[in-house]
1. Would you point out the residue of region 105-128, among those that are assigned to a helix (DSSP H, G or I) and surrounded by fewer than 14 Cβ atoms within 10 Å (Cβ to Cβ), that is farthest from the chain's Cα centre (by Cα)?
2. Give all pairs with beta carbons closer than 8 Å in which a residue from region 276-298 that is surrounded by fewer than 23 Cβ atoms within 10 Å (Cβ to Cβ) meets a residue that is in a loop (DSSP other than H, G, I, E, B) and among the polar types (S, T, N, Q); count only pairs at least 6 apart in sequence or on separate chains.
3. Looking at the structure I just gave you, is residue 9 in contact (Cβ under 8 Å) with a residue 60 or more places away in the chain and under 18 Å from residue 139 (Cβ atoms)?
4. From the list 298, 316, exactly one residue is closer than 21 Å to residue 232 by Cβ, touching a Phe, Trp or Tyr at 6+ places or on another chain (Cβ under 8 Å) and among the polar types (S, T, N, Q). Which is it?
5. Name, by its number, the condition in (1) more than 23 Å from residue 84 (Cα to Cα); (2) touching a residue at least 24 places away in the same chain (Cβ under 8 Å); (3) part of a loop (DSSP other than H, G, I, E, B) that does not hold for residue 267.
6. State whether one or more residues within region 93-104 are hydrophobic (A, V, I, L, M, F, W, C), surrounded by 18 or more Cβ atoms within 10 Å (Cβ to Cβ) and over 20 Å from residue 63 (Cα atoms).
7. List pairs: first residue in region 135-150 and assigned by TED's automatic domain parsing to the domain that holds residue 16 and surrounded by 22 or more Cβ atoms within 10 Å (Cβ to Cβ), second residue in a helix (DSSP H, G or I) and of a type in the set (D, E, K, R) anywhere in the structure, Cβ distance under 7 angstrom, at least six positions apart or on different chains.
8. Which pairs have Cβ atoms under 8 Å, sit 6 or more apart or on different chains, and link a residue in region 326-349 that is within 17 Å of residue 378 (Cβ to Cβ) to one that is surrounded by 18 or more Cβ atoms within 10 Å (Cβ to Cβ) and among the hydroxyl-bearing types (Ser, Thr, Tyr)?
Amino acid sequence: MQIRQQQKVDKYLGYILIALLLPVTRLLGLLMRRDHSLSSLPQHILCIKILGLGSVVLAADALKHIKQKYPYAKLILLTDINIANGIKPFHLFDEIWTLQSQNIISVGKSALQYLLQSWRLKQLWIVDLEVYSKLTTVYALLTGALNRFGFYLSPVFFRKYLNTHNVLFNRQTFLEDNYNYMASVITKELCSSSNHLPIRKNEVSKPFIALNNTCSNLAWVRKLPDDLFVEICNWILENTSYRIALLGAPEDKKANTNFIETNLQVAASSNRIVNIAGKLDFPSYYRFLSEECICIVSIDSAPLHIAKKLGVPSLSLWGPTNPRHNLKINPDEQNRHLLYYLNVPCSPCIHYYEILPCKGNNICMKNLQVNSITEKIKSLLDTIATATEA
């Protein structure tokens with residue numbers, strides 16, 4: 001099922017179910033007076049995150065904190081198959097429940113299957129990591145879990161009456177900090193991001209620069225225009241000895257191939273540029289980023305956040321989203337993680353407007369200057385080379 005279809009189903013079906021369930025929930029809450037304090041320990045913690053692999057990666061430290069606090073509780077993730085495959089190598093969860101998302105019927109059937117399964121779990125807590133979804137809130141409610149944690153902000157005001165524990169979501173701070181705040185509420189202990197990134201050796205000798213200009217269809221306005229992306233590729237091919245690896249998911253393989261054949265056929269024939277979208281399973285893909293790539297140049301998308309967790313130096317390119325919200329860089333890592341952001345007046349727009357101010361004419365990405373990008377790539381490579389020599 002396409003993401004836009006999922007959004008419509010979530011919106012309209014979600015509101016209908018909320019209208020039906022809200023008065024019943026309020027009445028049962030008054031009658032049953034269940035104890036929602038955190039005094040009794042959970043045996044199962046079910047996390048819900050249907051879309052956004054990058055978001056789950058950013059939540060990794062928060063999830064580890066929850067697991068450390070409740071080591072005897074089974075940590076479960078309910079998610080889409082793409083996120084399931086992508087997050088499995090991080091070993092964050094004891095179990096992953098995978099929704100079948102081919103069409104609305106398959107989604108409904110698998111969701112019902114896991115709902116019935118959740119009813120058999122003792123001392124169940126729910127952690128809803130979706131920020132705007134209506135149906136995940138309904139799903140959490142229907143599990144009957146004693147404690148249900150979810151983000152609260154004005155677009156999802158109804159959660160105040162459906163969750164047992166509402167955690168303020170601050171759209172002006174780092175996304176990672178919101179997940180850490182959620183973990184702090186759940187564990188009653190301060191949670192912060194880890195400052196320890198993997199140490200990589202012999203970085204300058206790694207053969208590839210990874211380039212990523214792919215993201216979900218939901219956020220396609222994050223992408224660079226092809227002509228600008230071609231200029232970046234040509235600069236790397238002409239001014240460095242590195243090969244280029246174009247990243248992407250299996251569904252990006254055809255688009256990457258067409259991009260290469262249309263614009264960079266000579267480089268492809270000499271094996272200077274390769275398309276690895278869909279060619280590697282996730283563990284191999286992560287090893288490739290860590291062991292074969294000197295750095296990554298990427299838009300705001302899952303590969304950027306994965307590479308950063310793996311310790312890969314990065315240059316990130318921003319437009320419809322604000323790096324101040326999605327990218328947290330430690331002070332001692334400033335030279336290893338560069339960014340380029342024009343900060344146009346209408347940014348950030350994704351998640352703020354249903355109809356974007358630019359109507360899809362993403363000038364925030366189109367107006368990025370290739371000279372500024374290539375200068376930052378050179379600076380990043382120089383930093384890596386200097387660190388290697390030291």
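1. Restricting to residues being assigned to a helix (DSSP H, G or I) and surrounded by fewer than 14 Cβ atoms within 10 Å (Cβ to Cβ), the top hit is 116.
2. Here the result reads 277/214, each pair linking region 276-298 to a residue that is in a loop (DSSP other than H, G, I, E, B) and among the polar types (S, T, N, Q).
3. yes
4. Answer to the selection: 316.
5. Failed condition: (3).
6. yes
7. As it stands, the answer is 137/159; 150/159, since those pairs meet every condition given.
8. From residues that are within 17 Å of residue 378 (Cβ to Cβ), the pairs are 336/314; 337/314; 337/316; 338/314; 338/316; 339/316; 340/316.
The values are calculated or read from the model by the stated rules, or taken from the named source; none is laboratory data. The model shown is predicted, which means the values in this text are computed figures rather than measured ones. Virtual Cβ from ideal backbone geometry, glycine too; neighbours counted across all protein chains shown.
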